[in-house]
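Written below as structure tokens is the structure these notes are about.
What follows draws every value from the coordinates through simple rules; no lab data is involved. All of these numbers come straight from a predicted model, not from anything done at the bench. Neighbour counts are summed over all protein chains in view; Cβ atoms, including those assigned to glycine, are modelled from backbone coordinates with ideal geometry.
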Amino acid sequence: MQPLYSEQQEMLAATVREFAAKELAPRAAEVDEKEQFPWEQFKGLAELGLTGLTVDEAHGGSGGDYRDMMVVQEEVGAACGTTSTVLITHVSLGSQTINQFGTTEQKDRWLPSLATGEKIAAFALTEPQTGSDALGLSTTIVEDGDDYILNGTKLFCTNGGVADVFTIFCNADRSAGYRGISVIVVEKGTPGFTVNPQHGKMGMRGCETAELVFDNCRVPKSNLLGEPGGGYTIALKILDSSRIMIAAQCLGLAKGALEAALSYARQRKAFGSVIGKKQAIQFMLADMAIELDAARLLTFRAASLYDAGLPHSKEAAMAKVYASEASGRIATKALQIHGGVGYFKPSVVERIYRDQRVTEIYEGTSEIQRLVISRDLLGDLPD
Ligand SMILES: Cc1cc2nc3c(=O)[nH]c(=O)nc-3n(C[C@H](O)[C@H](O)[C@H](O)COP(=O)(O)OP(=O)(O)OC[C@H]3O[C@@H](n4cnc5c(N)ncnc54)[C@H](O)[C@@H]3O)c2cc1C
């Protein structure tokens with residue numbers, strides 16, 4: 001049997017693990033406590049070439065594939081959930097939308113500075129009145145000479161408070177269904193574009209989540225990605241691939257929780273022996289390891305299909321829903337193994353327990369993943 005990862009991917013994992021242990025894990029509690037964007041950590045990832053890992057080499061990236069990125073996300077996620085969310089949004093959502101759907105001119109314009117991490121990307125689909133149902137977008141895009149005029153509000157935009165380049169999904173005609181939706185790049189500082197920070201998240205607290213407001217915001221037509229009306233298909237394709245990275249992030253969160261629980265079980269004593277000797281604790285640890293491995297295999301399959309250019313929508317949804325929910329069960333067990341200490345800051349498991357929760361919500365809730373899977377299983381049904 002082949003090992004899961006290539007020798008090169010094992011080396012990449014080791015490099016990122018070393019970086020994460022030195023630069024990410026020691027600062028993760030502060031990032032969480034102060035809702036602090038991880039600038040230095042992002043810069044460190046950039047120096048390792050990871051902020052453009054899956055961007056084409058011709059446009060300043062490293063030309064890596066999604067299995068490479070999966071390895072990176074697992075190591076980053078194990079050390080700092082916030083940094084991992086920042087990286088996924090920058091690489092797999094914002095930059096990837098331009099990388100896959102931009103013209104050569106658009107790629108030349110935006111990708112090199114995104115790939116080097118000099119600039120940061122964000123991706124804005126969700127609005128106050130609609131999240132799961134992307135057909136209900138009400139941010140409008142109207143032609144006016146060589147420009148488009150945008151009006152509306154986006155919500156929960158990760159990296160929103162710090163990003164330079166935003167991919168904005170908007171609707172030209174709600175009666176046209178999915179054909180009304182387009183995606184356009186809006187740069188920070190464009191007149192009529194305001195960014196309002198959203199504070200108070202349960203977890204992933206350093207991500208600079210923001211509301212974006214467009215008030216007669218004029219954007220050149222040359223910023224439109226793909227065809228007018230092509231935005232819905234682009235959103236689905238990008239989410240299908242980026243979900244694999246959320247699954248990989250969950251592997252990291254689960255691994256962080258399992259490692260913390262193992263370490264605690266080896267040293268915490270109760271009733272005359274370390275708790276790792278109690279079968280109840282041993283069985284929890286065994287179940288955690290089983291679920292983590294199962295999640296990794298599902299994620300690897302989805303990433304491999306994507307890398308091979310094969311259909312992967314159902315498999316990405318399976319990986320995301322399983323890895324996110326498994327990481328929830330693993331975080332819960334890790335906290336239980338820590339007893340009261342696990343309930344207090346700055347325990348690592350307390351933070352992972354909170355960080356993990358959103359993985360069942362963003363980039364499509366667990367319910368939406370199950371819809372994707374069941375639609376694929378059932379096909380078209382008669383009325
Ligand atoms: C921390 C954080 C960061 C985020 N970052 C981003 C970002 O960078 N960019 C971005 O665009 N969005 C982002 N989001 C938004 C996120 O993707 C949405 O919150 C998510 O897609 C769910 O949408 P909603 O919140 O509007 O919930 P709703 O769509 O209103 O759903 C509410 C509930 O109803 C369920 N539901 C809805 N439709 C169905 C159905 N057909 N069948 C069964 N159940 C259904 C949902 O599963 C959920 O349980 C972020 C959210 C959070 C919390």
Within region 16-119, list the chymotrypsin sites (Phe, Trp or Tyr not before Pro) lying in a DSSP loop whose Cβ has at most 11 other Cβ atoms in a 10 Å radius. none
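Between Glu7 and Thr116, what length in nm is gained on full extension when 0.36 nm per residue of separation is reduced by their alpha carbon distance?
Values: separation 109, 0.36 × 109 = 39.24 nm, distance 2.50 nm.
Residue separation times 0.36 nm, minus the Cα-Cα distance, leaves 36.7 nm.
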10 Å-binned pair-distance histogram of the chain (Cα, whole percent): 5, 24, 33, 24, 10, 3, 1, 0
So the label point goes 7 Å from the Cα of Gln100 along Cα→C-beta, right? Which residues of region 207-245 then have their backbone N under 20 Å from it? 223-245
Sum up the charges of everything whose Cβ sits under 9 Å from the Cβ of Phe193, counting Lys and Arg as +1 and Asp and Glu as -1, but leave Phe193 out. -1
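Can you put Glu35, Glu18 in order of Cβ neighbours within 10 angstrom, beginning with the fewest?
Glu18, Glu35
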Report the local net charge at Gly61: Lys and Arg +1, Asp and Glu -1, summed over other residues whose C-beta lies under 14 Å from its C-beta. -4
Of Ile275, Leu239, Thr140, which is farthest towards the positive pole of the chain's charge dipole, taken about the Cα centre with +1 and -1 on the beta-carbons of Lys, Arg and Asp, Glu respectively? Ile275
Bins of 10 Å from zero: percent of alpha-carbon pairs in region 122-229: 16, 50, 28, 6, 0
Give me Arg329, Arg67, Arg266 sorted ascending by neighbouring Cβ count inside 10 Å, so fewest comes first. Arg266, Arg329, Arg67
Ranked from fewest to most other Cβ atoms within 10 Å of their own Cβ, His90, His199, His338 fall in the order His199, His338, His90
Excluding residues fewer than 8 positions from Lys34 in its own chain, the lysines with Cα under 26 Å of it are Lys22, Lys43, Lys119, Lys154, Lys188, Lys201, Lys255, Lys345
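Can you give the net charge of the other residues whose Cβ lies under 9 Å from the Cβ of Ala13, counting K and R as +1 and D and E as -1? Display every interim value, and only then the final one.
Details: positive: Arg17; negative: Glu10, Glu74, Glu75.
With Lys, Arg at +1 and Asp, Glu at -1, the neighbours total -2.
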